[in-house]
Amino acid sequence: MRSRPETRFILIRHGQSDFNLQRRIQGCSDEPRLTDRGRSTADRAGEYLMRAGITRIISSPLRRAFEFAGRIRSGLGTSLHMWPDGRLREVDLPRWEGMEISSVERNHPKVYRAWREHPDCFEAASGVKPVPELYARAAAFWRETAGQFAGETVLVVTHSGTIRALVSTALGISPARFHSIQQSNGGLTILDSSPAGFTLVSLNSTGYLGEGLPKLKEGKLGMRLALVGRCAFEEFRPRLQNAIRANGVQTHVRLLDAPEMKRHIADALGSAAEPQLRMVPLGLSVMHYADRGRPPVVQTIELPQSQLWGGSETC
């Protein structure tokens, strides 16, 4: 028997919403709307993804994501089948929806610290743990869809927390590392699914939006480590030169081979993820070390453009 061909899942976070702009917590609220910038990001994503061979689109039903998905669909061709899936909603934080992040930090410091430091145990209400609940939804989504579209490329349009949960449940990353993955507005993450499991191809790629490196969250300092495959350095050099020192954060650059690159990423995400990292040919990976004693945040894992849509390997 021939093995089932891989299914490629391209995960993308919706573009900027008015709540993002105002630094307000969104959760499962359906009040946030895309800004002009958010809609522009959808148009640019649609243009960029024309080479990806997308065959269908699944979206969160929340309007900021579903509108974003619809704009991408318009760019790719309205004949693409698109539908909402409630399991792709954002992490549910009902008590905080609509509140400014700074207000929660200031008025509920212990609770907010528990959310940041122990997301796997954090309770939004008595007995309600939003991150494990989100991971259960993500796992249920994979159980139904991972083997359903053999050989196809499926675009999944959703939210920051949901993408982090989808990546984590696919690769066996603990909910305790929920905050160790960054997912920017418009960031692209690619997972390939086969009967053997999932492979992470790229994470939070934002280069197509003209960003040198993914932006740090407001107020974040510390240090960044940019890991670059030796054969990919020339491609990424211009972006790195513009980001060596941005927003007061020093970025250190290291040229690495595949085993070293995998080890650094696995240290951040948890060792269970290491076998599922597709690092050949090597590209660019960026870690942000914001706090001592805590795992770094993986900001991005990118392939060289020549390899992204199935080009031949050069290294």
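Brief remarks on what is shown
- Matching entry among Glu133, Glu152 (being modelled with pLDDT of 95 or more, surrounded by fewer than 17 Cβ atoms within 10 Å (Cβ to Cβ) and under 20 Å from Arg113 (Cα atoms)): Glu133
- Residues that are under 25 Å from Glu105 (Cβ atoms), free of Cβ contacts under 8 Å to residues at least 24 places away in the same chain and of a type in the set (A, V, I, L, M), drawn from the range 1-45: Leu21
- Residue satisfying condition, being crowded, with 20+ Cβ neighbours inside 10 Å and in the same structural domain as Val131 (by TED's automatic domain parsing), within set Gly197, Gly229, Gly172, Gly161: Gly161
- Residues of the range 140-149 that are closer than 20 Å to Val201 by Cβ and surrounded by fewer than 20 Cβ atoms within 10 Å (Cβ to Cβ): Trp142, Thr145, Ala146, Gly147, Gln148, Phe149.
- Exclusive hit being touching an Asp or Glu at 6+ places or on another chain (Cβ under 8 Å) and either among the aromatic types (Phe, Trp, Tyr) or in contact (Cβ under 8 Å) with a residue 24 or more places away in the chain (or both), set Leu76, Leu62: Leu62
- Residue in the range 111-125 that is in the same structural domain as Asp192 (by TED's automatic domain parsing), touching a residue at least 12 places away in the same chain (Cβ under 8 Å) and aliphatic (A, V, I, L, M) present: yes
- Only listed residue being modelled with pLDDT under 95, within 24 Å of Glu235 (Cα to Cα) and of a type in the set (A, V, I, L, M), chosen from Leu171, Leu216: Leu216
- For the range 206-224, residues that are surrounded by 18 or more Cβ atoms within 10 Å (Cβ to Cβ) and among the aliphatic types (A, V, I, L, M) total 3.
- All of (1) touching a strand residue (DSSP E or B) at 6+ places or on another chain (Cβ under 7 Å); (2) at pLDDT 80 or above hold for Cys231 with one exception: (1).
The values are calculated or read from the model by the stated rules, or taken from the named source; none is laboratory data. In this text the structure is predicted, and so the values were computed from the model without any measurement. Positions of Cβ are generated from backbone atoms using ideal geometry, with glycine treated the same way; all protein chains shown enter the neighbour counts.
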